[in-house]
1. Scanning for something in contact (Cβ under 8 Å) with a residue 60 or more places away in the chain, among the β-branched types (Val, Ile, Thr) and in a helix (DSSP H, G or I), does the stretch 190-199 turn up at least one residue?
2. Kindly provide the set of residues from the stretch 52-99 that are without any contact (Cβ under 8 Å) to a residue 12 or more places away in the chain and either over 27 Å from residue 218 (Cα atoms) or outside any helix (DSSP H, G or I) (or both), ordered by number.
3. Take residue 74 and decide whether it is in contact with a Leu (Cβ under 8 Å, 6 or more places away or on another chain) and either buried (at least 18 other Cβ atoms within 10 Å of the Cβ) or within 30 Å of residue 185 (Cα to Cα) (or both).
4. Regarding residue 17, is this residue within 20 Å of residue 202 (Cα to Cα) and at pLDDT 90 or above?
5. Of the residues 68, 60, which single one is modelled with pLDDT of 90 or more, in contact with a His (Cβ under 8 Å, 6 or more places away or on another chain) and either surrounded by 10 or more Cβ atoms within 10 Å (Cβ to Cβ) or not β-branched (Val, Ile, Thr) (or both)?
6. Can you confirm whether the stretch 252-265 contains a residue that is surrounded by 15 or more Cβ atoms within 10 Å (Cβ to Cβ) and under 23 Å from residue 58 (Cβ atoms)?
7. I'd like to verify a number: residues in the stretch 213-263 that are out of contact with any Ser or Thr (no Cβ under 6 Å at 6 or more places or on another chain), farther than 30 Å from residue 122 by Cα and assigned to a helix (DSSP H, G or I), how many?
8. Which residues, counting only those in the stretch 164-181, are assigned to a helix (DSSP H, G or I) and either touching a helix residue (DSSP H, G or I) at 6+ places or on another chain (Cβ under 7 Å) or over 18 Å from residue 84 (Cα atoms) (or both)?
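The values are calculated or read from the model by the stated rules, or taken from the named source; none is laboratory data. The shown structure was predicted, so the numbers you read here are calculated from the model rather than taken from an experiment. Glycine gets a Cβ as well: all are built from the backbone with ideal geometry, and neighbour counts include every protein chain shown.
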Amino acid sequence: MSLSRYVMPSLAALGFGFLYLPILSLVVYSFNASKLVTVWGGFSTEWYAALLNDPQILGAAWLSVKIAAMSATIALVLGTMAALTLVRFRWFRGRTWLTGMVAAPLVMPEVITGLSLLLLFVALESLIGWPSGRGVLTIVFAHATFGMAFVTVIVQARLRDMDLSLEEAAMDLGARPLTVFVTVTLPVIAPALVAAWLLAFTLSIDDLVIASFVSGPGSSTLPMVVFSKVRLGISPDVNALATLMILLVGLGGALAFWQIRKAHRQVQRNR
């Protein structure tokens with residue numbers, strides 16, 4: 001008993017150290033005055049100033065945010081429609097095919113997805129002249145394609161747990177199906193919709209492989225720019241960029257945790 005008392009915390013410490021020590025070292029070396037990331041040259045914030053004055057990084061970051069927002073919105077609309085179809089219409093012709101098509105992007109390697117989308121865009125361009133080359137639009141559609149699969153899974157799970165008596169009561173009171181969906185169904189599944197949109201947004205921001213296949217000149221996303229910089233050797237400004245991203249994610253997580261705690265305390269007070 002006494003041995004396990006020390007073994008389990010030690011294993012947990014090793015696990016967390018394995019995960020977070022590299023991130024911690026990255027944050028520390030982002031304040032390195034030396035251009036060599038492996039040699040400590042003193043404390044400095046010059047790389048953050050250089051990062052904020054780098055038009056390539058800033059342009060790629062803003063482009064990634066726009067692409068992620070558009071693709072996440074498209075994925076949310078299409079994924080919600082697919083989830084409603086699979087949950088509310090349990091038996092229809094092609095259900096098995098639709099279920100398989102929705103689940104395929106979840107398990108398919110990104111290389112296969114990116115290559116297949118590239119071939120699709122090339123074939124469409126040769127047949128109908130659209131899209132005219134690869135660029136922002138093709139990246140948006142590509143990200144919406146695999147983001148839709150994740151949205152469908154999340155919304156589908158929430159719809160299955162929803163109490164259908166709420167919709168039935170609204171229809172008994174004379175509400176039309178569209179009114180029921182807008183005033184009853186959407187508010188109930190709103191947390192799942194927000195979570196699905198955020199997940200699709202994050203997947204788009206993080207994607208490198210698929211965007212590399214379907215992008216063109218002038219449409220390099222932030223992961224593509226960072227990867228091109230890392231291929232030539234890790235530079236301190238990349239460490240600064242990663243640190244800023246960690247800070248933003250940490251602030252978002254802390255804000256979400258604070259909101260959850262606040263809501264939990266409010267529920268406890270109401271009791």
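1. No, that holds for no residue.
2. 53, 77, 81, 89, 90, 91, 92, 93, 94, 95, 96, 97
3. Values: in contact with a Leu (Cβ under 8 Å, 6 or more places away or on another chain): no; either buried (at least 18 other Cβ atoms within 10 Å of the Cβ) or within 30 Å of residue 185 (Cα to Cα) (or both): yes.
Criteria not met by residue 74.
4. No, not satisfied.
5. Numbers: 60 fails: in contact with a His (Cβ under 8 Å, 6 or more places away or on another chain).
Being modelled with pLDDT of 90 or more, in contact with a His (Cβ under 8 Å, 6 or more places away or on another chain) and either surrounded by 10 or more Cβ atoms within 10 Å (Cβ to Cβ) or not β-branched (Val, Ile, Thr) (or both) holds for just one of 68, 60, which is 68.
6. Within the stretch 252-265, the subset surrounded by 15 or more Cβ atoms within 10 Å (Cβ to Cβ) is none.
No: zero hits.
7. Counting residues in the stretch 213-263 that are out of contact with any Ser or Thr (no Cβ under 6 Å at 6 or more places or on another chain), farther than 30 Å from residue 122 by Cα and assigned to a helix (DSSP H, G or I) gives 25.
8. The answer is 166, 167, 169, 170, 171, 172, 180.
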